[in-house]
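The values are calculated or read from the model by the stated rules, or taken from the named source; none is laboratory data. Since we're looking at a predicted model, the values are computed, not measured. FYI the Cβ positions are ideal-geometry reconstructions off the backbone, even for glycines, and counts take in every protein chain you see.
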Amino acid sequence: MVAAMISKVLSVKSGMVLIAALAASAVDALPAVAGPERLAHVLVSKVTQPPPGWVEFCARQPGECAGTTTAPQDLALSPEAWMDLIHVNKWANETIKPLTDLEHWGVVERWSYPDDGYGDCEDYVLFKRRMLIQSGWPREVLLVTVVHDKEDKAHAVLTVTTDKGDYVLDNQNEDILLWSETGYRFVKHQSQSNPNVWVSLGDPAPAISTATSR
């Protein structure tokens, strides 16, 4: 389903044929289940404030943020689901060109879909989340997440909650890693029950909600 969607987008926008190459490069084995030395799921703490960028995005596009309270769930990470994640992460990272919000929109922070082909980290996240939801993935397992990267800079990634652990789709990394293998400090992400409720993630340090173009 995801491959078909990507193929359709490519044929409409540019006529490029990329799916065969993606499929050939994505014949990866399913990741191993996290052992006792690795935490499979990020630790959720308490309800916190959503990033201002998310609030403003929802004000501009309320239809993209509508959602009732639902039961949390973990996706069964089948080989097909793993291939979907690889396809989406690789295609988005190779197609969207990094550009800061200041260069793009003339403001410090603006979350938006990168439909013109440019965006910064949270825009990659929104794009990947939308593609997976449109392909039939449950919203509850696709969580927009604020982290601090290895340079302690604010960054956004997409966390996918599965029965094998929480995996991260990141515009800074072609590989999809278990959250505890990223080297990032996880600050907060959307609640699985409601996309407009955000929860802090273990570390009580204050969250920085702006993000770079990376």
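Considering segment 96-113, and only residues there that are buried (at least 17 other Cβ atoms within 10 Å of the Cβ) and out of contact with any Ser or Thr (no Cβ under 9 Å at 6 or more places or on another chain), the residue that is farthest from Arg130 (Cα to Cα) turns out to be Arg110.
Each row is one residue, and each column tells you yes or no for (1) part of a strand (DSSP E or B); (2) of a type in the set (Phe, Trp, Tyr); (3) without any contact (Cβ under 8 Å) to a residue 12 or more places away in the chain.
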residue	(1), (2), (3)
Ala92	no, no, no
Leu102	no, no, yes
Thr145	yes, no, no
Thr159	yes, no, no
Leu169	yes, no, no
Ile176	yes, no, no
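Among the conditions (1) at pLDDT below 95; (2) touching a strand residue (DSSP E or B) at 6+ places or on another chain (Cβ under 9 Å), the only one that Val9 does not satisfy is (2).
Looking at segment 69-86, can you tell me whether even one residue there is among the aliphatic types (A, V, I, L, M), in a helix (DSSP H, G or I) and more than 16 Å from the chain's Cα centre (by Cα)? No, because not a single residue in segment 69-86 is among the aliphatic types (A, V, I, L, M), in a helix (DSSP H, G or I) and more than 16 Å from the chain's Cα centre (by Cα). Residues in segment 62-95 that are surrounded by 14 or more Cβ atoms within 10 Å (Cβ to Cβ), over 22 Å from Gln192 (Cβ atoms) and out of contact with any Asp or Glu (no Cβ under 7 Å at 6 or more places or on another chain): 5 in all. The set of residues from segment 112-143 being touching a residue at least 60 places away in the same chain (Cβ under 8 Å), farther than 16 Å from Gln192 by Cβ and assigned to a helix (DSSP H, G or I) comprises Cys121, Glu122, Leu126, Arg130, Met131, Gln134.
Of all residues in segment 43-67, those that are part of a loop (DSSP other than H, G, I, E, B) and either more than 16 Å from the chain's Cα centre (by Cα) or at pLDDT 95 or above (or both) total 10.
With respect to the conditions (1) out of contact with any strand residue (DSSP E or B) (no Cβ under 6 Å at 6 or more places or on another chain); (2) at pLDDT below 95; (3) surrounded by 17 or more Cβ atoms within 10 Å (Cβ to Cβ), Ala34 lacks only one, and its number is (1).
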